[in-house]
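*Asks:* Have a look at this one before I ask anything.
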Amino acid sequence: MKPAHVVITGGAGAIGSALAEQFRSHHPDVALTLVDLNPEALQTVASQHGAHAEVCDLTDIDALPGWWQSLVERHGPVDVLVNCAGIMDIMTLAGTGWERGKRSMDINYIAPMRLMDLAVPDMIEKRRGCVINISSMAGRVPIRGCSYYGGAKAGLGMASEIARLDLKKEGVNVVTVYPGPVYSGLESHARNQVKRGAISRFIPTGKPDVLAERIYHTFHKGGARVIYPDVYSLAKQVANLNLTNKAMDFFSPQPNQ
């Protein structure tokens with residue numbers, strides 16, 4: 001499809017900005033809206049890609065319908081929604097606490113679901129559109145310290161896969177993305193919360209521009225999902241062998257967490 005209006009949440013982050021570059025380079029005339037909570041970083045990235053900058057706190061779930069309606073009125077109907085915003089903490093369940101855990105679930109699962117709920121009816125009416133959901137390999141493989149993050153990403157991944165089945169006949173595609181570690185602010189924040197071990201020095205880590213290119217290619221061909229880096233396509237088998245929690249000391253929270 002040739003998109004008319006693309007909305008990318010987490011647009012100031014490494015993956016979001018790389019996706020903005022992909023859509024702008026392939027569709028020079030597309031209306032591009034980047035959404036983030038960091039106004040300074042957002043404005044910088046938006047200026048680079050000729051995009052609209054929308055500062056929005058996605059944890060304010062009740063405010064999303066009014067904000068979405070205003071967005072559509074100002075910049076036009078959305079035919080591509082990219083749910084890329086996310087936060088990741090690697091902390092024990094007890095160390096996380098409810099408020100931090102709820103914020104993780106709101107950003108990583110509830111907000112993407114609410115935005116899909118708001119975006120999809122118009123796509124169905126026009127029988128064209130795409131939703132791209134950035135889940136995580138942490139939602140497919142049990143990782144110590146990721147109860148809230150992994151649970152939220154598992155929920156988003158499953159909901160996204162089911163939504164694809166539901167919406168395909170309506171002319172709407174849904175792409176589910178399962179990244180492993182990718183160099184970004186999120187990855188750096190998570191890395192700083194874990195013990196340093198042998199595996200942490202060698203764990204495969206991807207590049208945001210490569211991931212963005214693969215996501216765009218999958219969107220362009222109407223594909224279903226992206227797993228990157230490629231080695232993580234084996235992660236499910238690793239989990240079934242019960243090796244993950246024993247071997248991946250990279251993902252062990254610090255003792256005080």
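*Asks:* Could you list, in sequence order, the residues of segment 219-235 that are modelled with pLDDT of 95 or more, part of a helix (DSSP H, G or I) and surrounded by fewer than 19 Cβ atoms within 10 Å (Cβ to Cβ)?
*Replies:* His220, Lys221
*Asks:* A further question on this structure: List the pairs whose first member sits in segment 12-30 and is of a type in the set (Ser, Thr, Tyr), whose second member is assigned to a helix (DSSP H, G or I), and whose Cβ atoms are under 8 Å apart, counting only residues at least 6 apart or on separate chains?
*Replies:* Ser17/Val45; Ser17/Gln48; Ser17/His49; Ser17/Pro208
*Asks:* Output the residues belonging to segment 78-108 that are touching a strand residue (DSSP E or B) at 6+ places or on another chain (Cβ under 6 Å) and either closer than 21 Å to Pro65 by Cβ or of a type in the set (A, V, I, L, M) (or both).
*Replies:* Val78, Asp79, Val80, Leu81, Val82, Asn83, Cys84, Ala85, Ile90, Met91 - these are the residues of segment 78-108 that are touching a strand residue (DSSP E or B) at 6+ places or on another chain (Cβ under 6 Å) and either closer than 21 Å to Pro65 by Cβ or of a type in the set (A, V, I, L, M) (or both).
The values are calculated or read from the model by the stated rules, or taken from the named source; none is laboratory data. This one's a predicted model, so the numbers in the text were calculated from it and none came from an experiment. Heads up, the Cβs are rebuilt from the backbone with ideal geometry, glycines too, and the neighbour counts pull from every protein chain shown.
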